[in-house]
Amino acid sequence: ALERFGGVARRFDIRGHDGGATFVDDYAHLPSEIAAVVAAARDSGDGWDRVVAVFQPNRFNRIAEMWQDYADSFTQADVVVLTEIYPSGTTPIPGVTGQLIVDAVLDAHPTSRVVWLPRREDLVSFLAGEVGAGDVCISMGCGDIASLPDEVLARRRERRAP
């Protein structure tokens, strides 16, 4: 049975390598899960130079209640990239955006490098250029962020095409 076990889907799922960079996807979407994934990458022994943590918050009502709880989730990341909230069937709430988490992280850790990219196109372009040799880029969340590594890898290939 162990020989046939393929692992758990979306738990530190290595999705590809490109130019010495590793792209990982994980289902982590709660503060303690995110902190554990980032710490695992930092302490993995894989020798990554930088951990680039990309997080897509989930559900407007959850973020309205919990945004401050994310303040310390990314302390072991070198670069934190935050996206807009994935609604998961919830209704937008005025003033509740991913920017709340950006503010929480920067208020608690003002020297952190935090990038707010609410538009998917901007997110893919930024990561395609930012992630370099020796980096691990981890996309986290339970929305459509699961396809991000493939999108970034495709963009990097496009940029190299003649």
Inset, instruction - Provide the per-residue ³J(HN,Hα) series for the stretch 20-28, in order, calculated from phi with Karplus coefficients 6.51, -1.76, 1.60 and θ = phi - 60°, each as a whole number of Hz, with x at glycine and proline positions. - result: x, 9, 10, 10, 10, 10, 8, 6, 3
Inset, instruction - Give, as a single signed number, the net charge of other residues whose beta carbon lies under 10 Å from the beta carbon of ALA128, with Lys and Arg counted +1 and Asp and Glu -1. - result: 0
Legend entry - For SER147, net neighbour charge (Lys/Arg +1, Asp/Glu -1) across residues whose Cβ lies under 13 Å away: -1
Legend entry - Point-charge dipole on Cβ atoms (K/R +1, D/E -1) for the chain, about Cα centre, debye to 20: 380 debye
Legend entry - Span from the the stretch 118-158 Cα centroid across to the the stretch 27-62 one, whole angstrom: 14 Å
Inset, instruction - Run through the DSSP bridge list for the chain and note the antiparallel percent, rounded to the nearest 5. - result: 20 percent
Inset, instruction - Enter the angle in degrees (range 0 to 90, nearest 10) between the Cα long axis of helix 99-108 and the first principal axis of the Cα atoms of the chain, meaning the one along which they spread out most. - result: 90 degrees
Legend entry - Share of carbon and sulfur in the accessible heavy-atom surface of the stretch 13-161 [1.4 Å probe, %]: 49 percent
Inset, instruction - Please give the per residue accessible area of the chain, computed with a probe of 1.4 Å over protein heavy atoms only, in Å². - result: 49 Å²
Inset, instruction - Please list the non-local residues whose amide H lies under 5 Å from the amide H of ALA21, H modeled 1.01 Å from N, same-chain partners needing a gap of 5 or more. - result: GLY134
Inset, instruction - Calculate how steeply helix 31-42 sits against the longest principal axis of the alpha-carbon atoms of the chain, using the helix alpha-carbon long axis, and give the answer as 0 to 90 degrees to the nearest 10. - result: 30 degrees
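The values are calculated or read from the model by the stated rules, or taken from the named source; none is laboratory data. All values derive from a computational prediction rather than experimental measurement. All Cβ positions, even for glycine, are placed from backbone atoms using ideal geometry, and neighbour counts span all protein chains on display. Please note that ligands, DNA and RNA were not included when accessible areas were found on the heavy atoms of the full protein model with its side chains. Shrake-Rupley method; radii C 1.70, N 1.55, O 1.52, S 1.80 Å.
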